[in-house]
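My questions all concern the structure below.
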Amino acid sequence: MPNALAFLMLIIWPLACVVMFRKLPFERAIIWSILGGYLILPPRANFDLPLVPSMDKVSIPSLCAALCCVYLIKRKFRLLPVSPVGKILTVLFVLGVIPTVLTNGDPMLFRALENTWPISFTTGYLPGLSLRDLFSVIANQLIVLLPFLLARQFLSTETGLREVLLALVVGGLAYSIPSLIEIRLSPQINIWVYGFFQHSFEQMMREGGFRPIVFLPHGLWLAFFLMTAVLAAAALSRTVEGPQRMRLLIATGYLMVVLYLCKSLASQLYALAFLPLVLFGSAKAMIRVAVVCALIAVVYPTLRNTGKVPLDKILEQAEAIDPARKQSLEFRFHNEEILLDRADEKPWFGWGGWGRNLLRDPQTGQIISIPDGRWIIVFGSFGWVGYIAEMGLLALPLFLLGLQARGRRSRDLSPYVAPIAIILAVTMIDMLLNATLIPYTWICAGAVLGYAERLRFPQAWEAGSRGLGRGPVVGGRSVPRRRRTIL
């Protein structure tokens, strides 16, 4: 149970965002309003208000960042991308939930005994979705997209892209300290600060030691975040010379050691696989690899449904590394099979919320399936429509960037956009195993999409810039005065 401090932190975070927007450069304020909330605010604590989405460490920072941009700094941003495909996917992401709500109005009842008419022994109940849920679901989709839209508009410049990488490095270095404390003493910081433990303590024990978790949902999330910080530090080291480069290389090595101590094999493998590419590969090579990874992530459900994924060979490789890894993967694959069968009952629009996408005991209502991968959660909740919209918005920036890079030399591309593309692509691959889609993933996707759109549609960007005007100086940069949002 979260203590009073947990809810107080959620309440005062909007004030912290206001301070950041007044004191920090504009791009940095956007990033730290969102990333800072993800790293600092309590997990699982939320304000569950009627008719609106749950206000928690994800929704509050995103909403505050957008409101500060529009009303405090008076910066207008587009609600739809310039790319025609991006516009379609954005509308589909937000409004595609309408048929999901309309087709899931029936409640789910669980009975201890069947065929006992006129007596019914009901043991469990899941409500159906109604029109009153429609506004909340649509609003939640909009809030989820806010980091994406803000990053596309404001973080797709050279300065914004660099700030995206720099924030990962600073956040990773800062988070390494409490992580090392928990590696040594056991995961206790969330208990000390917010009064509760956010997950299963047994899952934080691995190889005779502990996985750190700090204020994140799971130790796997923390390890993955540190892996992105490793890649970001390595990428920035290529853009500077002299002592700064040495410091960033030392930071890369240090973060790699902390990542190893986090005992997450997947994140370690990602770092080993992609760190040489980020350190030595050309921008075009990184973009090509990112496109291939995105393509694999997008088509995985189709391959999985048709039995084209070589599960047996994957399990054999996992067993060669560690029998425990094989058991973990086998458990995930088994649950994917169960949840795919469940999703196939409503393939187009899914089952909606309230955990209706999960398989439950027909008599007790107890959950007997555990979703791990983000893709199966989205597929079961919102069907093919929701899956195409979400994965499409994440993959589109990489595909569009890949098309724009074909006719350009590596030195003509930003030195920051290719590493961000790699981080986004790795996240999409990891989403096949874990639900590691976080607001910062949307920031990376939006920043890459905005950069690619600037290359593909320069006239549209120039026309939009001419309409911004000039305004008060905040953080060393002028901002426009008008408040209206461009659609």
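The values are calculated or read from the model by the stated rules, or taken from the named source; none is laboratory data. All figures in this text were calculated on a predicted structure; none of them were measured in a lab. Every residue, glycine as well, gets a Cβ built from its backbone with ideal geometry; the counts of neighbours run over all protein chains shown. To get the accessible areas, we keep the full protein, side chains included, count just its heavy atoms, and leave off ligands, DNA and RNA. Shrake-Rupley method; radii C 1.70, N 1.55, O 1.52, S 1.80 Å.
What residue, among those in segment 437-463 that are surrounded by fewer than 23 Cβ atoms within 10 Å (Cβ to Cβ) and touching a Lys or Arg at 6+ places or on another chain (Cβ under 7 Å), is modelled with the highest pLDDT?
Of everything passing the filter in segment 437-463, 437 is modelled with the highest pLDDT.
Could you list, in sequence order, all residues of segment 236-262 that are of a type outside the set (Gly, Ala, Ser) and open to solvent by less than 30 Å² (accessible area, probe 1.4 Å)?
236, 240, 252, 255, 258, 259, 262
Which condition number does residue 287 fail, the rest of (1) over 30 Å from residue 202 (Cα atoms); (2) open to solvent by 30 Å² or more (accessible area, probe 1.4 Å); (3) under 22 Å from the mean Cα position of the chain (by Cα); (4) not hydroxyl-bearing (Ser, Thr, Tyr) being met?
(2)
Here's another thing I want to ask about it. Wholly within segment 1-76, which helices (runs of 4 or more DSSP H) include no fewer than the required count, namely at least 3 residues that are touching a residue at least 12 places away in the same chain (Cβ under 8 Å), open to solvent by 60 Å² or more (accessible area, probe 1.4 Å) and over 18 Å from residue 441 (Cβ atoms)? First the steps, then the outcome.
Values: elements: 4-23, 26-40, 59-67.
Per the criteria, 4-23.
Test residue 90 against the criterion of being closer than 23 Å to residue 35 by Cα, β-branched (Val, Ile, Thr) and out of contact with any His (no Cβ under 7 Å at 6 or more places or on another chain), and give yes or no.
Here the answer is yes, as residue 90 does meet what is asked.
What tally of residues in segment 293-322 results from selecting those that are assigned to a helix (DSSP H, G or I), free of Cβ contacts under 8 Å to residues at least 40 places away in the same chain and open to solvent by 40 Å² or more (accessible area, probe 1.4 Å)? Give the steps one after another, and end with the answer.
So in segment 293-322, the residues assigned to a helix (DSSP H, G or I) come out as 293-305, 311-321.
Restricting the remaining residues to those that are free of Cβ contacts under 8 Å to residues at least 40 places away in the same chain gives 299, 302-305, 311-320.
Restricting the remaining residues to those that are open to solvent by 40 Å² or more (accessible area, probe 1.4 Å) gives 299, 302-303, 305, 312-314, 316-317, 319-320.
Within segment 293-322, residues that are assigned to a helix (DSSP H, G or I), free of Cβ contacts under 8 Å to residues at least 40 places away in the same chain and open to solvent by 40 Å² or more (accessible area, probe 1.4 Å) number 11.
Take segment 179-217 and flag every residue that is of a type in the set (Phe, Trp, Tyr), assigned to a loop (DSSP other than H, G, I, E, B) and more than 26 Å from residue 328 (Cα to Cα).
Scanning segment 179-217 gives a single hit, 196.
While we're looking at this one, here's another question. Please specify each residue of segment 361-377 satisfying the condition of being open to solvent by 10 Å² or more (accessible area, probe 1.4 Å) and under 20 Å from the mean Cα position of the chain (by Cα).
370, 371, 372, 374, 377, listed by residue number.
Turning to a different aspect of this structure: Just checking, which of 106, 133 is at pLDDT below 95 and either crowded, with 22+ Cβ neighbours inside 10 Å or assigned to a loop (DSSP other than H, G, I, E, B) (or both)?
106
Another question about this same structure. Would you say residue 345 is of a type in the set (Asp, Glu), in contact (Cβ under 8 Å) with a residue 24 or more places away in the chain and either assigned to a helix (DSSP H, G or I) or open to solvent by 80 Å² or more (accessible area, probe 1.4 Å) (or both)?
So residue 345 fails the test.
Would you please list the contacts, defined by Cβ atoms under 8 Å and residues six or more apart or on different chains, that run from a residue in segment 171-199 that is over 9 Å from residue 258 (Cβ atoms) to a residue that is of a type in the set (Asp, Glu)?
Qualifying pairs under 8 Å: 188/182; 189/182.
Only one residue in 139, 174, 151 is small (Gly, Ala, Ser), crowded, with 20+ Cβ neighbours inside 10 Å and either assigned to a helix (DSSP H, G or I) or touching a Lys or Arg at 6+ places or on another chain (Cβ under 7 Å) (or both), so which one is that? First the steps, then the outcome.
On the way: 139 fails: crowded, with 20+ Cβ neighbours inside 10 Å; 174 fails: crowded, with 20+ Cβ neighbours inside 10 Å.
Criteria check complete, one pass: 151.
Something else about it: May I ask you to list the residues in segment 402-419 that are over 24 Å from the mean Cα position of the chain (by Cα) and assigned to a loop (DSSP other than H, G, I, E, B)?
Listed by number, the residues that qualify are 406, 407, 408, 409, 413.
Mind listing just one residue for me: the one in segment 308-352 that is small (Gly, Ala, Ser) and at pLDDT below 80 and, of those, nearest to the chain's Cα centre (by Cα)? Outline the logic, then answer.
Residues of segment 308-352 small (Gly, Ala, Ser): 318, 320, 324, 328, 343, 350, 352.
Next cut, at pLDDT below 80 only: 318, 320, 324, 328.
Working: 318: 26, 320: 31, 324: 27, 328: 23 Å.
Only one residue tops the list, namely 328.
Could you tell me whether residue 273 is assigned to a helix (DSSP H, G or I), small (Gly, Ala, Ser) and open to solvent by 20 Å² or more (accessible area, probe 1.4 Å)?
Yes: the conditions hold for residue 273.
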